[in-house]
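What follows is one structure encoded as structure tokens, with my remarks underneath.
What follows is calculated from the coordinates using simple rules that are stated; it is not laboratory data. Remember, it's a predicted structure, so these values are computed and weren't measured experimentally. Backbone-built Cβ (ideal geometry, glycine too); neighbour counts: all protein chains shown.
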Amino acid sequence: MPPIVHGFDWPDRVVVGTVGQPGARTFYLQAQQGSRLVSVSLEKEQAVALAERIEEVLDELMGEQGNPYSVPALTPEGLVDNDPLAQPVEEEFRAGAMSLGWDPQTLQIVIDAYPLLVVDVDDLDSGQEVEIEIEPDEVLRVRIPVGTARAFAKRTREVAGAGRPLCVLCGVPMDGDDHVCELPEGFR
């Protein structure tokens, strides 16, 4: 059976946001078009990697002679979105694999998020290499123009960076006043 595609070709909004307090936040990739809303949970690291890769792709496209795709170097002012996630936030699925592409016909960045696949290792024969091909049940596919992509990446980095402060000595996130510094081996 083909997967269910939650497709957003020209969404009104696409953002990464969080629910919860720093240290216990859940990250969501959320797309909205009219009253249609899809939220997919993801790891903070996935959100950061997605933002970084979008920036790289945009910079590569902008670097082409004459900037033929009109990629903005900075986030266009009218596209800044600092609003919270749209409510209700109901997880469609938890993201596992994600992919990023460029559609030269529509001049859009294409983000695909696939559900996290869980494989029961007890079902696999031990000692043998097994290749598993699994068709995902669903996918979130969001297509956004270059200005929106630049705004998306900027907001995602800001959301990810708004967590707990890092200890200047050990680099571990601090939880209030009861932080126990874990200095690296060479500093003890």
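Per-structure values
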{"item": "Cα-derived Rg to Rh of segment 4-187, Kirkwood definition", "result": "1.03"}
{"item": "Point-charge dipole on Cβ atoms (K/R +1, D/E -1) for the chain, about Cα centre, debye to 20", "result": "1020 debye"}
{"item": "Cα centroid separation, segment 14-52 to segment 57-76 (Å)", "result": "25 Å"}
{"item": "Residue order, fewest to most beta carbons within 10 Å, for Asp137, Asp178, Asp83, Asp112", "result": "Asp178, Asp83, Asp137, Asp112"}
{"item": "Computed over segment 4-187: relative contact order in percent, which uses C-alpha pairs under 8 Å that are six or more apart", "result": "27 percent"}
{"item": "Within the chain, longest stretch free of exposed GluC sites (Glu not before Pro) [DSSP loop, at most 16 other beta carbons within 10 Å]", "result": "134-181"}
